[in-house]
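To start, the structure itself, in C-alpha coordinates.
The values are calculated or read from the model by the stated rules, or taken from the named source; none is laboratory data. Keep in mind that what you see is a predicted model, and the values were worked out from it rather than measured. Cβ atoms come from the backbone with ideal geometry, glycine included; neighbour counts cover every protein chain shown. Protein only, heavy atoms only, side chains kept; ligands, DNA and RNA dropped before computing areas. Shrake-Rupley method; radii C 1.70, N 1.55, O 1.52, S 1.80 Å.
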Amino acid sequence: MSEPLVEVKNLKVRFDVREGIIKAVDGATFTVHYGQTLGVIGESGCGKSVTARAILNMVPKPGKVVGGEILYHRRRPSENGSEVTEIVNILDLDPDGEEIRQIRGGEIAMIFQEPMSSLTPVYTAGAHITEAVTLHRLLPIRKVGDQMAETIQAHRRVSKQEAKEIAIEMLRRVGIPNPRERVDAYPHQLSGGQRQRVMIAIALSCQPDMLIADEPTTALDVSIEAQILDLMRELQEETNMAIMFITHNLGVVAEMAQEIVVMYLGNIVERASVVDIFYNPKHPYTRALLESIPRFGKGRRQRLTSIKGMVPDPFHLPSGCLFHPRCPHFMPGKCDRIEPKWTQVGDNHWVRCLLYEKE
Ligand code: SF4
(Lines give C-alpha, C1' and ligand atoms only; values in the text may rest on other atoms or scores of the structure.)
Protein backbone atom coordinates (compact mmCIF):
# COMPACT_ATOMS: atom_id res chain seq x y z
CA MET A 1 0.00 0.00 0.00
CA SER A 2 1.37 3.46 -0.92
CA GLU A 3 1.67 6.38 1.50
CA PRO A 4 -1.48 7.89 3.02
CA LEU A 5 -2.68 11.18 1.59
CA VAL A 6 -5.85 11.81 3.61
CA GLU A 7 -6.82 9.98 6.80
CA VAL A 8 -10.43 10.48 7.87
CA LYS A 9 -10.78 9.51 11.52
CA ASN A 10 -14.10 9.12 13.33
CA LEU A 11 -15.70 11.96 11.33
CA LYS A 12 -19.08 13.12 12.61
CA VAL A 13 -21.27 15.65 10.79
CA ARG A 14 -24.66 16.80 12.07
CA PHE A 15 -27.40 18.92 10.50
CA ASP A 16 -29.40 20.77 13.11
CA VAL A 17 -32.72 21.62 11.43
CA ARG A 18 -36.16 22.59 12.73
CA GLU A 19 -37.42 19.01 12.71
CA GLY A 20 -34.44 17.73 14.71
CA ILE A 21 -30.84 16.62 14.27
CA ILE A 22 -29.66 14.54 11.31
CA LYS A 23 -26.52 12.48 11.82
CA ALA A 24 -25.32 12.81 8.23
CA VAL A 25 -21.96 11.16 8.95
CA ASP A 26 -21.47 9.22 12.14
CA GLY A 27 -17.95 8.08 12.83
CA ALA A 28 -16.54 7.56 9.31
CA THR A 29 -12.96 6.27 9.29
CA PHE A 30 -10.91 5.49 6.17
CA THR A 31 -7.67 6.39 4.39
CA VAL A 32 -7.03 7.56 0.85
CA HIS A 33 -3.54 6.69 -0.46
CA TYR A 34 -1.31 8.38 -3.03
CA GLY A 35 -1.76 6.83 -6.47
CA GLN A 36 -4.80 4.76 -5.42
CA THR A 37 -8.54 5.03 -5.97
CA LEU A 38 -10.96 4.61 -3.09
CA GLY A 39 -14.55 3.92 -4.13
CA VAL A 40 -17.35 5.13 -1.85
CA ILE A 41 -20.69 3.47 -2.50
CA GLY A 42 -24.15 3.51 -0.96
CA GLU A 43 -27.68 4.69 -1.66
CA SER A 44 -28.53 8.40 -2.04
CA GLY A 45 -28.46 10.27 1.26
CA CYS A 46 -26.04 7.85 2.96
CA GLY A 47 -23.48 10.58 3.66
CA LYS A 48 -21.06 10.06 0.76
CA SER A 49 -21.12 13.62 -0.55
CA VAL A 50 -21.15 15.22 2.91
CA THR A 51 -18.02 13.22 3.77
CA ALA A 52 -16.36 14.49 0.58
CA ARG A 53 -17.24 18.08 1.37
CA ALA A 54 -15.93 17.71 4.92
CA ILE A 55 -12.54 16.74 3.43
CA LEU A 56 -12.48 20.20 1.82
CA ASN A 57 -13.80 21.82 5.02
CA MET A 58 -16.91 23.03 3.21
CA VAL A 59 -19.88 21.24 4.74
CA PRO A 60 -22.94 23.25 3.66
CA LYS A 61 -24.91 25.04 6.39
CA PRO A 62 -26.66 24.12 8.65
CA GLY A 63 -24.30 21.16 8.63
CA LYS A 64 -21.49 21.10 11.19
CA VAL A 65 -18.55 18.82 11.83
CA VAL A 66 -18.94 17.82 15.49
CA GLY A 67 -16.14 15.30 15.83
CA GLY A 68 -13.15 13.59 14.28
CA GLU A 69 -10.08 14.55 12.31
CA ILE A 70 -9.13 14.84 8.65
CA LEU A 71 -5.37 14.51 8.43
CA TYR A 72 -3.91 15.69 5.14
CA HIS A 73 -0.35 14.50 4.50
CA ARG A 74 0.72 17.52 2.52
CA ARG A 75 3.85 17.27 0.40
CA ARG A 76 5.72 20.51 -0.01
CA PRO A 77 9.13 21.51 -1.33
CA SER A 78 11.63 22.20 1.47
CA GLU A 79 14.26 24.94 1.53
CA ASN A 80 16.98 22.57 0.28
CA GLY A 81 14.86 21.53 -2.70
CA SER A 82 13.77 18.10 -1.40
CA GLU A 83 10.19 17.27 -0.49
CA VAL A 84 8.82 17.25 3.05
CA THR A 85 5.48 15.97 4.28
CA GLU A 86 3.58 17.95 6.88
CA ILE A 87 0.38 16.68 8.45
CA VAL A 88 -2.46 19.20 8.55
CA ASN A 89 -5.80 18.60 10.25
CA ILE A 90 -8.06 20.17 7.64
CA LEU A 91 -10.78 20.69 10.24
CA ASP A 92 -8.45 23.03 12.20
CA LEU A 93 -8.13 25.40 9.21
CA ASP A 94 -10.24 28.52 8.82
CA PRO A 95 -12.83 27.44 6.19
CA ASP A 96 -12.46 30.84 4.48
CA GLY A 97 -8.71 31.19 5.00
CA GLU A 98 -5.90 31.35 2.49
CA GLU A 99 -4.47 27.90 3.33
CA ILE A 100 -7.65 25.92 2.68
CA ARG A 101 -8.25 27.93 -0.49
CA GLN A 102 -4.86 26.80 -1.80
CA ILE A 103 -5.67 23.20 -0.88
CA ARG A 104 -9.14 23.28 -2.45
CA GLY A 105 -8.88 23.05 -6.17
CA GLY A 106 -5.09 23.16 -6.33
CA GLU A 107 -4.12 20.19 -4.14
CA ILE A 108 -7.46 18.49 -3.56
CA ALA A 109 -9.88 19.03 -6.43
CA MET A 110 -13.52 18.07 -6.54
CA ILE A 111 -15.82 17.34 -9.45
CA PHE A 112 -19.50 17.74 -8.72
CA GLN A 113 -22.49 16.20 -10.43
CA GLU A 114 -23.88 19.54 -11.58
CA PRO A 115 -21.48 21.74 -13.55
CA MET A 116 -23.45 24.98 -13.80
CA SER A 117 -23.67 27.13 -10.74
CA SER A 118 -26.57 29.54 -11.05
CA LEU A 119 -26.10 33.13 -10.09
CA THR A 120 -27.86 34.01 -6.90
CA PRO A 121 -28.79 37.52 -5.81
CA VAL A 122 -26.83 37.19 -2.56
CA TYR A 123 -23.51 36.61 -4.30
CA THR A 124 -21.52 39.30 -6.01
CA ALA A 125 -19.96 38.42 -9.35
CA GLY A 126 -16.55 38.44 -7.63
CA ALA A 127 -17.72 35.90 -5.05
CA HIS A 128 -19.02 33.68 -7.82
CA ILE A 129 -15.69 33.82 -9.58
CA THR A 130 -13.84 32.99 -6.35
CA GLU A 131 -16.17 30.06 -5.76
CA ALA A 132 -15.76 28.88 -9.33
CA VAL A 133 -11.99 29.05 -9.10
CA THR A 134 -11.82 27.12 -5.85
CA LEU A 135 -14.61 24.64 -6.51
CA HIS A 136 -14.50 24.21 -10.26
CA ARG A 137 -17.98 25.39 -11.00
CA LEU A 138 -18.85 27.02 -14.29
CA LEU A 139 -20.19 30.53 -14.43
CA PRO A 140 -22.76 31.10 -17.14
CA ILE A 141 -21.53 34.62 -17.92
CA ARG A 142 -17.90 33.95 -18.85
CA LYS A 143 -16.07 32.07 -21.60
CA VAL A 144 -15.01 28.59 -20.51
CA GLY A 145 -11.41 29.21 -21.58
CA ASP A 146 -11.13 32.31 -19.36
CA GLN A 147 -12.58 30.39 -16.43
CA MET A 148 -10.20 27.52 -17.00
CA ALA A 149 -7.15 29.77 -17.39
CA GLU A 150 -8.04 31.68 -14.23
CA THR A 151 -8.31 28.48 -12.22
CA ILE A 152 -5.05 27.16 -13.63
CA GLN A 153 -3.26 30.44 -12.81
CA ALA A 154 -4.66 30.43 -9.29
CA HIS A 155 -2.93 27.13 -8.59
CA ARG A 156 0.02 26.85 -10.99
CA ARG A 157 2.84 29.24 -11.80
CA VAL A 158 2.15 29.80 -15.49
CA SER A 159 1.54 32.82 -17.70
CA LYS A 160 -1.89 33.67 -19.11
CA GLN A 161 -0.92 32.31 -22.51
CA GLU A 162 0.48 29.09 -21.02
CA ALA A 163 -2.71 28.67 -18.96
CA LYS A 164 -4.78 29.01 -22.12
CA GLU A 165 -2.67 26.40 -23.91
CA ILE A 166 -3.07 24.02 -20.93
CA ALA A 167 -6.83 24.65 -21.06
CA ILE A 168 -6.97 23.83 -24.79
CA GLU A 169 -4.93 20.66 -24.27
CA MET A 170 -7.17 19.53 -21.39
CA LEU A 171 -10.31 20.22 -23.47
CA ARG A 172 -8.81 18.02 -26.16
CA ARG A 173 -8.04 15.27 -23.64
CA VAL A 174 -11.62 15.22 -22.33
CA GLY A 175 -12.88 14.89 -25.90
CA ILE A 176 -14.25 18.36 -26.66
CA PRO A 177 -14.23 18.75 -30.46
CA ASN A 178 -12.35 21.77 -31.91
CA PRO A 179 -10.92 22.75 -28.52
CA ARG A 180 -9.11 25.81 -29.93
CA GLU A 181 -12.47 27.27 -30.91
CA ARG A 182 -14.56 25.88 -28.06
CA VAL A 183 -12.24 27.46 -25.50
CA ASP A 184 -13.93 30.75 -26.38
CA ALA A 185 -17.48 29.39 -25.95
CA TYR A 186 -19.80 30.37 -23.12
CA PRO A 187 -21.17 27.52 -20.98
CA HIS A 188 -24.68 27.90 -22.43
CA GLN A 189 -23.25 27.20 -25.90
CA LEU A 190 -22.15 23.74 -24.75
CA SER A 191 -24.29 20.68 -24.17
CA GLY A 192 -24.75 19.35 -20.61
CA GLY A 193 -22.26 16.56 -21.28
CA GLN A 194 -19.71 19.02 -22.67
CA ARG A 195 -20.07 21.27 -19.63
CA GLN A 196 -19.45 18.27 -17.42
CA ARG A 197 -16.31 17.47 -19.42
CA VAL A 198 -15.11 21.08 -19.15
CA MET A 199 -15.52 20.88 -15.39
CA ILE A 200 -13.51 17.67 -15.29
CA ALA A 201 -10.86 19.35 -17.46
CA ILE A 202 -10.65 22.28 -15.03
CA ALA A 203 -10.20 19.99 -12.03
CA LEU A 204 -7.53 17.89 -13.71
CA SER A 205 -5.65 20.83 -15.24
CA CYS A 206 -4.50 21.92 -11.76
CA GLN A 207 -2.69 18.57 -11.33
CA PRO A 208 -4.15 17.96 -7.86
CA ASP A 209 -2.69 15.43 -5.42
CA MET A 210 -6.20 14.14 -4.85
CA LEU A 211 -9.35 14.24 -6.94
CA ILE A 212 -12.73 13.83 -5.28
CA ALA A 213 -15.12 12.75 -8.01
CA ASP A 214 -18.75 12.86 -6.86
CA GLU A 215 -20.81 10.96 -9.46
CA PRO A 216 -18.68 12.64 -12.13
CA THR A 217 -19.91 10.72 -15.16
CA THR A 218 -23.60 10.22 -14.33
CA ALA A 219 -24.73 12.74 -16.98
CA LEU A 220 -22.46 11.39 -19.74
CA ASP A 221 -23.14 8.72 -22.33
CA VAL A 222 -21.17 5.51 -21.98
CA SER A 223 -18.52 6.17 -24.64
CA ILE A 224 -17.67 9.59 -23.16
CA GLU A 225 -17.79 8.07 -19.68
CA ALA A 226 -15.20 5.46 -20.72
CA GLN A 227 -12.99 8.20 -22.18
CA ILE A 228 -13.14 10.27 -18.98
CA LEU A 229 -12.40 7.26 -16.78
CA ASP A 230 -9.41 6.41 -18.98
CA LEU A 231 -8.18 9.99 -18.68
CA MET A 232 -8.45 9.90 -14.88
CA ARG A 233 -6.46 6.67 -14.79
CA GLU A 234 -3.83 8.08 -17.18
CA LEU A 235 -3.36 11.19 -15.04
CA GLN A 236 -3.25 9.06 -11.93
CA GLU A 237 -0.37 7.08 -13.42
CA GLU A 238 1.41 10.23 -14.58
CA THR A 239 1.12 12.20 -11.35
CA ASN A 240 0.47 9.58 -8.62
CA MET A 241 -2.85 11.36 -7.92
CA ALA A 242 -5.23 9.78 -5.40
CA ILE A 243 -8.91 9.53 -6.35
CA MET A 244 -11.93 9.29 -4.08
CA PHE A 245 -14.65 8.06 -6.39
CA ILE A 246 -18.19 8.48 -5.09
CA THR A 247 -20.84 6.67 -7.03
CA HIS A 248 -23.85 4.41 -6.94
CA ASN A 249 -22.63 2.82 -10.18
CA LEU A 250 -21.00 -0.38 -8.99
CA GLY A 251 -19.77 -1.27 -12.49
CA VAL A 252 -17.74 1.94 -12.71
CA VAL A 253 -16.34 1.61 -9.20
CA ALA A 254 -15.26 -2.00 -9.91
CA GLU A 255 -13.24 -0.69 -12.85
CA MET A 256 -11.70 2.29 -11.07
CA ALA A 257 -11.09 1.47 -7.41
CA GLN A 258 -8.60 -0.67 -5.51
CA GLU A 259 -10.42 -0.24 -2.19
CA ILE A 260 -14.08 0.35 -1.38
CA VAL A 261 -16.01 1.67 1.59
CA VAL A 262 -19.74 0.98 1.79
CA MET A 263 -21.88 3.60 3.53
CA TYR A 264 -25.35 3.23 5.00
CA LEU A 265 -27.16 6.04 6.84
CA GLY A 266 -24.01 8.02 7.58
CA ASN A 267 -22.07 4.95 8.77
CA ILE A 268 -19.40 2.92 7.05
CA VAL A 269 -20.55 -0.70 7.32
CA GLU A 270 -17.84 -2.48 5.33
CA ARG A 271 -14.42 -1.66 3.93
CA ALA A 272 -12.22 -3.94 1.86
CA SER A 273 -10.37 -4.37 -1.42
CA VAL A 274 -12.47 -4.19 -4.56
CA VAL A 275 -11.99 -7.94 -5.08
CA ASP A 276 -13.29 -8.79 -1.59
CA ILE A 277 -16.27 -6.46 -1.92
CA PHE A 278 -17.34 -8.00 -5.24
CA TYR A 279 -16.40 -11.65 -4.66
CA ASN A 280 -16.60 -12.04 -0.90
CA PRO A 281 -18.98 -9.38 0.46
CA LYS A 282 -19.82 -9.85 4.14
CA HIS A 283 -22.31 -7.20 5.23
CA PRO A 284 -25.92 -8.01 4.31
CA TYR A 285 -26.29 -4.45 2.96
CA THR A 286 -23.28 -4.83 0.64
CA ARG A 287 -24.65 -8.16 -0.54
CA ALA A 288 -28.06 -6.61 -1.17
CA LEU A 289 -26.48 -3.78 -3.18
CA LEU A 290 -24.60 -6.29 -5.33
CA GLU A 291 -27.68 -8.44 -5.85
CA SER A 292 -29.52 -5.42 -7.20
CA ILE A 293 -27.21 -5.04 -10.23
CA PRO A 294 -26.72 -7.40 -13.21
CA ARG A 295 -23.52 -9.50 -12.93
CA PHE A 296 -21.38 -10.28 -15.93
CA GLY A 297 -21.44 -14.00 -16.88
CA LYS A 298 -24.68 -14.83 -15.07
CA GLY A 299 -26.78 -14.80 -18.22
CA ARG A 300 -29.75 -12.73 -19.34
CA ARG A 301 -32.20 -14.50 -17.05
CA GLN A 302 -30.48 -13.64 -13.78
CA ARG A 303 -32.84 -12.40 -11.09
CA LEU A 304 -32.18 -8.96 -9.66
CA THR A 305 -33.53 -8.17 -6.22
CA SER A 306 -34.29 -4.79 -4.74
CA ILE A 307 -33.33 -3.98 -1.15
CA LYS A 308 -36.29 -4.68 1.09
CA GLY A 309 -38.04 -1.75 2.79
CA MET A 310 -37.25 1.93 2.78
CA VAL A 311 -34.32 3.95 4.04
CA PRO A 312 -35.44 4.94 7.58
CA ASP A 313 -36.49 8.46 8.52
CA PRO A 314 -33.23 10.22 9.52
CA PHE A 315 -35.00 11.85 12.50
CA HIS A 316 -36.05 8.46 13.88
CA LEU A 317 -33.15 6.12 13.36
CA PRO A 318 -33.58 2.47 14.37
CA SER A 319 -31.93 1.23 17.57
CA GLY A 320 -29.05 -1.25 17.44
CA CYS A 321 -27.90 -1.96 13.90
CA LEU A 322 -29.26 0.75 11.59
CA PHE A 323 -29.87 -1.80 8.84
CA HIS A 324 -31.95 -4.16 10.99
CA PRO A 325 -35.45 -3.20 9.67
CA ARG A 326 -34.30 -4.20 6.15
CA CYS A 327 -31.92 -7.04 6.90
CA PRO A 328 -32.74 -10.60 5.77
CA HIS A 329 -30.52 -11.93 8.61
CA PHE A 330 -32.14 -9.85 11.37
CA MET A 331 -31.75 -11.51 14.79
CA PRO A 332 -34.58 -10.28 17.07
CA GLY A 333 -33.48 -9.15 20.50
CA LYS A 334 -29.92 -8.75 19.29
CA CYS A 335 -29.70 -6.70 16.09
CA ASP A 336 -32.32 -4.22 17.35
CA ARG A 337 -30.45 -3.73 20.64
CA ILE A 338 -26.72 -3.92 20.02
CA GLU A 339 -24.76 -1.52 17.86
CA PRO A 340 -22.28 -3.60 15.83
CA LYS A 341 -18.57 -2.86 16.22
CA TRP A 342 -15.83 -3.29 13.63
CA THR A 343 -14.80 -6.91 13.10
CA GLN A 344 -11.85 -7.94 10.95
CA VAL A 345 -12.91 -10.73 8.61
CA GLY A 346 -9.85 -10.91 6.34
CA ASP A 347 -6.69 -9.09 5.31
CA ASN A 348 -7.68 -5.44 5.29
CA HIS A 349 -11.35 -6.49 5.24
CA TRP A 350 -13.57 -5.01 7.97
CA VAL A 351 -17.29 -5.24 8.61
CA ARG A 352 -19.80 -3.92 11.15
CA CYS A 353 -22.34 -6.71 11.58
CA LEU A 354 -23.24 -8.87 14.58
CA LEU A 355 -23.10 -12.00 12.41
CA TYR A 356 -19.29 -11.78 12.62
CA GLU A 357 -18.85 -10.63 16.21
CA LYS A 358 -17.72 -13.25 18.69
CA GLU A 359 -19.94 -13.45 21.79
FE1 SF4 B 1 -28.27 -7.64 9.74
FE2 SF4 B 1 -27.96 -7.91 12.35
FE3 SF4 B 1 -25.84 -7.72 10.76
FE4 SF4 B 1 -27.38 -5.62 11.18
S5 SF4 B 1 -26.16 -6.69 12.70
S6 SF4 B 1 -26.58 -6.29 9.25
S7 SF4 B 1 -29.38 -6.56 11.29
S8 SF4 B 1 -27.35 -9.36 10.80
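Within the listed set 273, 306, 82, the Gaussian network model of the chain (springs between alpha-carbon atoms below 10 Å) gives the highest mean-square fluctuation for 82. Near the amide H of residue 345, within less than 5 Å, lie the amide hydrogens of 350, 351, all on another chain or at least 5 residues away, with H placed in the peptide plane. For the chain, the longest piece that avoids every one of the chymotrypsin sites (Phe, Trp or Tyr not before Pro) found in DSSP loops with at most 12 other C-beta atoms within 10 Å covers 1-295.
Charge tally for residue 30 (other residues, Cβ to Cβ under 12 Å; Lys, Arg +1; Asp, Glu -1): 0. Among 70, 338, 152, the largest mean-square fluctuation in a Gaussian network model of the chain, built with springs joining Cα atoms closer than 10 Å, belongs to 338. Entry note, the chain: the mean residue ellipticity at 222 nm calculated from DSSP H runs of n ≥ 4, each adding -39500 (n - 2.57), is -8500 deg cm²/dmol after division by the residues and rounding to the nearest 500. When the chain is modelled as a GNM with alpha-carbon springs shorter than 10 Å, which of 260, 224, 200 fluctuates the most? Per the Cα network of the chain with a 10 Å cutoff, 224 tops the list. Helix 160-173: angle to the longest alpha-carbon principal axis of the chain, degrees 0 to 90, nearest 10? Tilt relative to the chain: about 50 degrees.
The magnitude of the dipole of the chain, with charges of +1 and -1 set on the Cβ of Lys/Arg and Asp/Glu and taken from the Cα centre, is near 1120 debye. Each residue of the range 203-210 is assigned a 3J(HN,Hα), and the resulting list reads 4, 6, 5, 7, 6, x, 6, 9 Hz, derived from the Karplus form 6.51 cos²θ - 1.76 cosθ + 1.60 (θ = phi - 60°), x at Gly and Pro. Entry comment: accessible area of the range 1-120 is 47 Å² per residue, from protein heavy atoms only and a probe of 1.4 Å. Per-atom-type breakdown for the chain gives carbon and sulfur 50% of the accessible area (1.4 Å probe, protein chains only).
Here's the picture: charge each Lys and Arg Cβ at +1 and each Asp and Glu Cβ at -1 in the chain, and of 189, 171, 153 the one pushed furthest to the positive end of that dipole is 189.
Annotation: residue 291 carries an accessible surface of approximately 100 Å², with a 1.4 Å probe and no ligand, DNA or RNA atoms counted.
Percent of Cα pairs in the chain per distance bin of 20 Å, from zero to the largest separation: 28, 56, 15, 0.
Normalised Debye scattering of the range 142-226 at q = 0.10 Å⁻¹ gives log10 I(q)/I(0) of -0.22, counting only Cα atoms as equal scatterers and leaving out solvent. In order along the range 5-16, the phi-based Karplus estimate (6.51 cos²θ - 1.76 cosθ + 1.60, θ = phi - 60°) of 3J(HN,Hα) comes to 10, 9, 10, 9, 10, 6, 5, 10, 10, 10, 10, 9 Hz; Gly and Pro are listed as x.
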